[in-house]
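Here the structure comes first, spelled out in structure tokens, and everything after it is commentary.
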Amino acid sequence: MSDAIYAEITDRIVAALKRGVAPWQRQWVGSSLPHNLFSGRAYHGVNVLLLTATEYPDPRWITFVQAKNLGGKVRRGEHGTRIVFRCPQVGLLKTHVVFNAAQVDGLGLVAIEPPAPATGGDAFARAREIAPGYQAAGGPCVIEGTDQAAYIPARDTVTVPALAQCVSPAAYYSVLFHELAHSTGHPTRLRRSGVSDLDHFGSERYSREELVAELASAFLCGASGVDPQVDNTAAYLAGWARSLRGDSTLIVRAAADAQRAADYVLGTRALEQDG
């Protein structure tokens, strides 16, 4: 059953890429990540991508039974979205179906409107706290003002251009979070293959680690209310589509590692199951 689920997930992500959308670029409005309306829990890992790929603007999701228990009703003709969780007993992927709040009547919800662009000194306050907090908890040294963005495992150092050198604060934090995500794979942290023992550019392990960092950056942006700056060029999207088609388990494994990386940077831990 898991093989079929992996294939379905990959097909859905590849379909989004073909539409010209990177599912790890936030499509929802406001600063909230996709979350379950009934439990209040945020979705994690590949489920963030699956729910974002639907392009519903509302980040609130709910199961059929949960909607009924709250006095709501899924509108006739609406189709749910399948998300996944890992069954602890056997370690296999299982699925259940959720509906976006926009598909349900009778819940008495206030519609979420797109927020006004963040302005002023506090617009990126949460984002500014992440790197210093991570460093204080044993993260790498961050050196700003360099001419390149990189994580250097041998020195356990992240280098990034200065904020003023970037086209926007959102672009700066997207790059910074990408490199911080790489650093979580250091042997003293999550010991992720492909970080300290990094392969050459274009290799399978190199590409997988880049995808992990790309996803983790998007998760960190979502957690801090920053719109992730993602390359949506045709060549970029087609490249990831080819990689995912070559390994149907890649997106699930990379998203799980990315969630662990983002949680490590934030000093938190995701729940084992979504819903």
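The values are calculated or read from the model by the stated rules, or taken from the named source; none is laboratory data. It should be emphasised that the depicted structure is a prediction, and the values quoted were computed from it without experimental measurement. Note that each Cβ is placed from the backbone with ideal geometry, even for glycine, and that neighbours are counted across all protein chains shown. In case anyone asks, the SASA skips ligands and DNA or RNA and just uses the protein heavy atoms, side chains included. Shrake-Rupley method; radii C 1.70, N 1.55, O 1.52, S 1.80 Å.
Determine which member of the set Ser207, Ser196, Ser203, Ser243 is closer than 21 Å to Val265 by Cβ and among the hydroxyl-bearing types (Ser, Thr, Tyr).
Numbers: Ser207 fails: closer than 21 Å to Val265 by Cβ; Ser203 fails: closer than 21 Å to Val265 by Cβ; Ser243 fails: closer than 21 Å to Val265 by Cβ.
So the residue among Ser207, Ser196, Ser203, Ser243 that is closer than 21 Å to Val265 by Cβ and among the hydroxyl-bearing types (Ser, Thr, Tyr) is Ser196.
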Taking the residues in region 103-139 that are at pLDDT below 95, more than 22 Å from the chain's Cα centre (by Cα) and hydrophobic (A, V, I, L, M, F, W, C) as candidates, determine which candidate is most open to solvent (accessible area, probe 1.4 Å).
-> Val110
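Across region 140-165, what is the total count of residues that are open to solvent by less than 90 Å² (accessible area, probe 1.4 Å) and more than 22 Å from the chain's Cα centre (by Cα)? Even if it seems obvious, please write down each step before you answer.
We begin by selecting, within region 140-165, every residue open to solvent by less than 90 Å² (accessible area, probe 1.4 Å); these are 140-143, 145-146, 149-153, 156-163.
Retained after the next criterion (residues that are more than 22 Å from the chain's Cα centre (by Cα)): 141-143, 145-146, 152-153, 156-157, 159, 161-163.
Counting residues in region 140-165 that are open to solvent by less than 90 Å² (accessible area, probe 1.4 Å) and more than 22 Å from the chain's Cα centre (by Cα) gives 13.
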How many residues, within region 216-263, are surrounded by fewer than 18 Cβ atoms within 10 Å (Cβ to Cβ) and touching a strand residue (DSSP E or B) at 6+ places or on another chain (Cβ under 8 Å)?
-> 0
Take region 237-251 and flag every residue that is in a helix (DSSP H, G or I) and either more than 20 Å from Arg191 (Cβ to Cβ) or in contact with a Phe, Trp or Tyr (Cβ under 6 Å, 6 or more places away or on another chain) (or both).
-> Leu237, Ala238, Gly239, Trp240, Ala241, Arg242, Ser243, Leu244, Arg245, Gly246, Ile251
What's the number of the condition Gly91 fails, among (1) open to solvent by less than 80 Å² (accessible area, probe 1.4 Å); (2) under 25 Å from Arg245 (Cα atoms); (3) at pLDDT below 80; (4) within 19 Å of the chain's Cα centre (by Cα)?
-> (4)
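Residue by residue, here is whether (1) without any contact (Cβ under 8 Å) to a residue 24 or more places away in the chain; (2) among the β-branched types (Val, Ile, Thr); (3) outside any helix (DSSP H, G or I) holds:
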position	(1), (2), (3)
Ser207	no, no, no
Ala223	no, no, no
Asp227	no, no, yes
Asn232	no, no, yes
Ala235	yes, no, no
